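Structure, as structure tokens:
Here, each number is a calculation from the coordinates, and none is a lab measurement. Predicted model only: the values in this text are computed from it and were never measured. Counting neighbours? That spans all protein chains shown, and the Cβs are built from the backbone with ideal geometry, glycine included.
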Amino acid sequence: MALVSGYHHLTLCTDGVQEDYDFYTTVLGLYSVKRTVLFDGVIPVYHLYYGSRGGEASTIITTFPFRKPAVFGKRGTNQSKIIMQAIPVGAAGYWVDRLNTRGIAAETISRFGITRVAFKHPCGIPHELVESPVDSRPPIVNEAQGVTAEHGIKGIYGAGIAVFDRTSMDDFLTVGLSMKKEGDSDEGLMFSVPNGNGPSSMVEVLHEASGPQGTWTLAGGTIHHLALNTGDEENQLKLKAHLEGLGFTDVSDQKDRNYFKSCYVRSPGGALFEIAWSVEGGWALDEPADKIGTTLVFPPWFENRREELIAGLEPARF
Ligand SMILES: [Fe+2]
């Protein structure tokens, strides 16, 4: 029985706060879902969450903009490489025009027979908008940004992971996480994420046998992790035990992310995975449900650092 149901969120480390916020909200038409700070370590860095208006799991992209501390990583192989979001079939042309008009180079490509729009976040991380043939989620409509139901992003489609050895991920994804192999070609491997009758989402494993090893630290310009949704704590702890039983003994202890609880595990292909579930109340824990993502909020354990953190953050207009 699968202990995972789709993605929970995808997290990347970017560059400037303002360009990051504008890219996801103004250009891609997502909504701000939460504005807080990095919980790990001591450096003041924003943690920005974007997604559907209500912040449904499987729509959430989160970023740590690292320009002010000037900590940057290197993109490479053995690292997550591409952020993928689903769009309606037939919407690719609209997004190519929209992105190009806004100064972001975009083109239509195909992988595994599926049409995608390929472009880059301002910090350089590759993104794709995928014409998902099977995705029952409603598009995210954003009238203020001119994004209609005909074209709107539906949520996370998946992620591409670059690996030295494409077979090394098989056991981890199939035996470890109950994913199903859907494609195996010169283009790479494609696995579907168990979905419990929810949205259809994928992991794509791309073979990059040469080239530098990508960095794994929290550092600008790189994808940090892919979070899968366990729905609840019971499934999360069962999955943690299952992975440990297979020999993936470096599954982290459960970490309190305020809105959800997370465990992390490094995959044999380098990419960091998270298994997470949203707590009761979710995004409305510290903001009214109809105003999530509109204020800067801190977890209870950072209240004594509020002034210091605010003073240390990169200035931006939200
Ligand atoms: Fe995460």
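Quick check for you: which residues of the stretch 260-277 have the amide N under 19 Å from the point 7 Å beyond the Cα of HIS207 toward its beta carbon?
268-271
Long-range amide H contacts for GLU182: which residues qualify at under 5 Å (H placed 1.01 Å from N, peptide plane, sequence gap of 5 or more or a different chain)?
Sorted by chain and number, the residues that satisfy this are MET190, PHE191, SER192.
Where the centre of each part is set by its Cα atoms, how far does the stretch 217-233 sit from the stretch 77-121, in angstrom?
If you average the Cα positions of each part, the centres end up 21 Å apart.
In µm²/s, what is D for the chain at 25 °C and 0.890 mPa s, where D = kT/(6 pi eta Rh) by Stokes-Einstein and Rh is the Kirkwood radius from Cα pairs?
D, rounded to a whole number, is 125 µm²/s.
Please give the Cα centre distance for the stretch 132-165 versus the stretch 287-301, rounded to the nearest Å.
Taking the Cα centre of each part, the stretch 132-165 and the stretch 287-301 sit 25 Å apart.
How big is the charge dipole of the chain about its Cα centre, in debye rounded to the nearest 20, if each Lys and Arg gets +1 on its Cβ and each Asp and Glu gets -1 on its Cβ?
Using Cβ point charges on Lys, Arg, Asp and Glu, the chain gives about 420 debye.
Work from the charge dipole of the stretch 164-225 (Cβ charges, +1 for Lys and Arg, -1 for Asp and Glu, about the Cα centre) and give the residue of HIS224, MET190, SER168 farthest towards its positive end.
Going by the Cα projections, it comes out as HIS224.
Most mobile of SER201, SER278, SER252 per a Gaussian network model of the chain (Cα springs, under 10 Å)?
SER252
Once amide H atoms are built 1.01 Å from N in the peptide plane, which residues 5 or more positions from THR115, or in another chain, come under 5 Å H to H?
For THR115, whose amide H was placed from the backbone, the distant partners under 5 Å are GLU131.
Take every DSSP beta bridge with both residues inside the chain and express the antiparallel ones as a percent of the total, to the nearest 5.
Around 70 percent antiparallel, to the nearest 5.
Rule-of-thumb check for the stretch 122-171: C-alpha Rg over 2.2 N^0.38 Å?
That works out to 1.57 for the stretch 122-171.
With θ set to phi - 60°, apply the Karplus curve 6.51 cos²θ - 1.76 cosθ + 1.60 along the stretch 27-36 and write out the HN-Hα couplings as whole Hz, x wherever there is a Gly or Pro.
Computed from phi, the couplings for the stretch 27-36 are 7, 8, x, 7, 9, 5, 9, 7, 10, 9 Hz.
Pop out the ³J(HN,Hα) list for the stretch 175-189 in order, Karplus 6.51 cos²θ - 1.76 cosθ + 1.60 with θ = phi - 60°, rounded to Hz; leave Gly and Pro as x.
For the stretch 175-189, the Karplus curve yields 6, x, 10, 6, 7, 10, 6, 10, x, 8, 8, 4, 7, x, 10 Hz.
How many nm is it between the label spots at SER110 and ARG305, if each spot is 7 Å from the Cα in line with the beta carbon?
Result for the modelled spin labels: 5.0 nm.
Using the Cα centre as the reference, give the magnitude of the dipole from point charges on the C-beta atoms of the stretch 186-318 (Lys, Arg: +1; Asp, Glu: -1; all else neutral), rounded to the nearest 20 debye.
Its charge dipole is roughly 120 debye.
Name the most mobile residue of ILE292, ILE161, ILE223, meaning the one with the largest mean-square fluctuation, in a Gaussian network model of the chain with Cα contacts below 10 Å.
ILE292
In sequence order, what are the phi-derived ³J(HN,Hα) couplings for the stretch 272-285 according to the Karplus relation 6.51 cos²θ - 1.76 cosθ + 1.60 with θ = phi - 60°, rounded to whole Hz, with x for glycine and proline?
With coefficients 6.51, -1.76 and 1.60, one gets 8, 10, 10, 10, 9, 9, 7, 7, 4, x, x, 5, 8, 4 Hz.
Which value in deg cm²/dmol, rounded to the nearest 500, describes the helix-derived mean residue ellipticity at 222 nm for the chain, given -39,500 (n - 2.57) per DSSP H run of n ≥ 4 and division by the residue count?
-3500 deg cm²/dmol
Taking amide H atoms as placed 1.01 Å from N in the peptide plane, list the residues 5 or more away in sequence, or in a different chain, whose amide H sits under 5 Å from that of TYR157.
So TYR157 has HN proximity to MET84, GLN85, ALA86.
Which of the pairs LYS81/LYS180; LYS68/LYS120; LYS34/LYS181; LYS81/LYS238; LYS120/LYS240; LYS74/LYS240 have their Cα atoms more than 24 Å apart in this structure?
In this structure, LYS34/LYS181; LYS81/LYS238; LYS120/LYS240; LYS74/LYS240 lie more than 24 Å apart at Cα.
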